[in-house]
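The structure under discussion appears below in the form of structure tokens.
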Amino acid sequence: MDARLRPGPSTSSKKDAGVLVIGLGRFGSAIASTLERLGQDVLAVEKSPEIVAQWAGRVPLVEADCTNPDALEQLGARDFSVAVVGVGSYLEASVLITGNLVDIGIPQIWAKATSPEHSRILQRIGAHHVILPESDAGSRVAHLVSGKLLDYIEVEDGFTIVKMRPPKETQGFTLAQSKVRSRYGVTVIGVKSPGAEFQYATPETRVSGTDIIVVSGHADLLERFAARP
């Protein structure tokens, strides 16, 4: 199927720092529209004419079937440094598209998966990053509703960053005095006081009961710290 260019920048120029987003479902469209809003060089690709019509003029957009390697070549996919495969609901298409991107040597490939099995397949064929949006969101919300955490971001291998209210034993003391790191194995990296800008933490940073603190460390240690009264 020929790639048919919709309104957007020409695909004839090199896009060494660009992002190619394949699939404009909820996941892909959120990524493409956010990148466009942030001023990033992005090109979205969608197979469905109905969805193309819906997004035409809102993001740089091409109508093409990326399960066909020729379509990727026609739209200049190999010139992009990052590709996002948002076609997660159709396993065969997801695997074919990811494999095609691997074959043309895209440096960074992010792919959406809908199950752990799907994730393993994508990793085995060469996807550099695999996202399970529903699983990741469910895990994050579980941490938020089960304790005092205001936000929760797991980075990798258990290393996590959280936003939380400070335990009472830290309130009114500097971080050096409360010895959070030596007592709990976590690090306060920033403090946000009401009406003030976010401040990176130092040993002399004093924490109050109205503050919000940003803390990093292993998830288990952070859960224990957040459970303090």
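The values are calculated or read from the model by the stated rules, or taken from the named source; none is laboratory data. This one's a predicted model, so the numbers in the text were calculated from it and none came from an experiment. Note: ideal-geometry Cβ built from the backbone for every residue, glycine included; neighbour counts use all protein chains shown. These area figures cover heavy atoms from the full protein model, side chains too; ligands, DNA and RNA do not enter into them. Shrake-Rupley method; radii C 1.70, N 1.55, O 1.52, S 1.80 Å.
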Between the residues 187, 62, 18, the Cα farthest towards the positive end of the dipole of the chain, that dipole coming from +1 and -1 charges on the beta-carbon of Lys, Arg, Asp and Glu, is from 187
Accessible area of the chain with a 1.4 Å probe: how many percent of it is carbon plus sulfur?
53 percent
For helix 91-103, what angle does its Cα long axis make with the longest principal axis of the chain, in degrees from 0 to 90 and rounded to 10?
80 degrees
Between 227, 144, 100, whose Cα lies farthest towards the positive end of the dipole of the chain when Lys and Arg beta carbons carry +1 and Asp and Glu beta carbons carry -1, centred on the Cα centre?
227
With a ≥ b ≥ c the root eigenvalues of the C-alpha gyration tensor of the range 32-108, is it rounded (a/c under 1.5), prolate (a/b larger than b/c) or oblate?
oblate
If you place +1 on the Cβ of every Lys and Arg, -1 on the Cβ of every Asp and Glu, and leave all else neutral, what size is the dipole of the chain about its Cα centre, to the nearest 20 Debye?
1060 debye
Whole-number percent relative contact order across the range 23-111, with pairs defined as alpha carbons under 8 Å at least 6 apart
26 percent
Give me the base-10 log of I(q)/I(0) for the chain at each q in 0.11, 0.12, 0.14 Å⁻¹, Debye formula, one uniform scatterer per Cα, rounded to two decimals.
-0.69, -0.76, -0.87
For Cα pairs less than 8 Å apart in space and 6+ apart in sequence, what is the mean separation divided by the residue count of the chain, i.e. the relative contact order in percent?
14 percent
What whole-number value in Å² describes the accessible area per residue of the range 102-228 for a 1.4 Å probe?
58 Å²
